[in-house]
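Dumping the structure here so I can ask a few things about it.
The values are calculated or read from the model by the stated rules, or taken from the named source; none is laboratory data. The shown structure was predicted, so the numbers you read here are calculated from the model rather than taken from an experiment. Here Cβ is always computed from backbone atoms with ideal geometry, including for glycine, and neighbour counts include all displayed protein chains. Accessible surface is based on the protein model in full, side chains and every heavy atom, while ligands, DNA and RNA are left aside. Shrake-Rupley method; radii C 1.70, N 1.55, O 1.52, S 1.80 Å.
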Amino acid sequence: MKDVLEYMKSPAGQKSMEDYFTKLAEKDRIQLERAEKILERYGVCDDATFDDLMIDIFVKQERSDQIHYDTYTDRALHIMNLMWEIASLKGVEIEPIDDLTKNFPSMVYDYYGYQFAITHGQGSVLSVYRQNELRYRN
């Protein structure tokens, strides 16, 4: 442990930490750009167009979830994560919605009539609601 601490304090250790955090920041920037492109492609400007986008996403997500369930693989469709990112940045934080979000640490955001929640427990769960009715959970 002492060797690790010494390395982290050295110029090489400092540079490796800077490189690592720069790489993480670049990854976040790319993810947000992708999310913005999705909104631009759909021309999202009101609840109706956002609802059309989310319906398409739910169909693709269900298909992806079923494929991975049938093949025993765990590859998430990243589009839901992108939508969570958009909602958490541009949406309005609201109170917990249901027993899950009330009883476990959760962040809930309202964005164009949809509520996006990340709930943490032994793992993390993404829930998507439309007018407080659960539409998706994974």
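For the stretch 1-119, what is the accessible area per residue in Å² when the probe is 1.4 Å? Spell out each step's value before the answer.
Details: 8340 Å² over 119 residues.
Per-residue value: 70 Å².
A further question on this structure: Starting from the Cα of M107, step 7 Å along the direction of its Cβ; do the same at E33; then give the gap between the two resulting points in nm.
It is 2.3 nm.
Hey, if you put +1 on the Cβ of every Lys and Arg and -1 on every Asp and Glu Cβ in the chain, which of H78, Y111, L53 ends up farthest toward the positive end of that dipole?
Ranked along the dipole, the leading option is H78.
Still on this structure, please answer the following. On C-alpha positions alone, give me the angle between the axis of helix 79-90 and the longest principal axis of the chain, in degrees, nearest 10.
For helix 79-90, the angle is close to 90 degrees.
First check a/c for the stretch 12-82, with a ≥ b ≥ c the square roots of the eigenvalues of its C-alpha gyration tensor; if it is under 1.5, answer rounded, and if not, answer prolate when a/b is larger than b/c or oblate otherwise.
Values: a/c = 5.28, a/b = 1.46, b/c = 3.63.
Note, shape of the stretch 12-82 comes out oblate.
Okay, moving on. Per-residue HN-Hα couplings for the stretch 54-68, Karplus 6.51 cos²θ - 1.76 cosθ + 1.60 at θ = phi - 60°, whole Hz, x for Gly and Pro?
Working through the residues one at a time gives 5, 4, 4, 5, 4, 4, 5, 5, 4, 4, 5, 4, 5, 4, 6 Hz.
May I pose another question? Using only the Cα atoms of the chain, what semi-axes does the equivalent ellipsoid have when each is the square root of 5 times a gyration tensor eigenvalue? Give whole Å, largest first. Let's see the in-between values first.
Numbers: eigenvalues 214, 72, 60 Å².
Listed largest to smallest, the semi-axes of the chain are 33, 19, 17 Å.
If you put +1 on each Lys and Arg Cβ and -1 on each Asp and Glu Cβ, how big is the dipole of the chain around its Cα centre, in Debye rounded to 20? If you can, show how the numbers build up before the last one.
On the way: 17 positive and 25 negative charges, 97 e Å.
Charge dipole of the chain: 460 debye, to the nearest 20.
On to the next question. Can you work out the PRE-style zone for L134? Point 7 Å along Cα to Cβ, and I want the residues of the stretch 78-102 with backbone N under 14 Å.
97-102
Relative to the longest principal Cα axis of the chain, at what angle does helix 11-42 sit, 0 to 90 degrees, rounded to 10?
The two axes meet at around 10 degrees.
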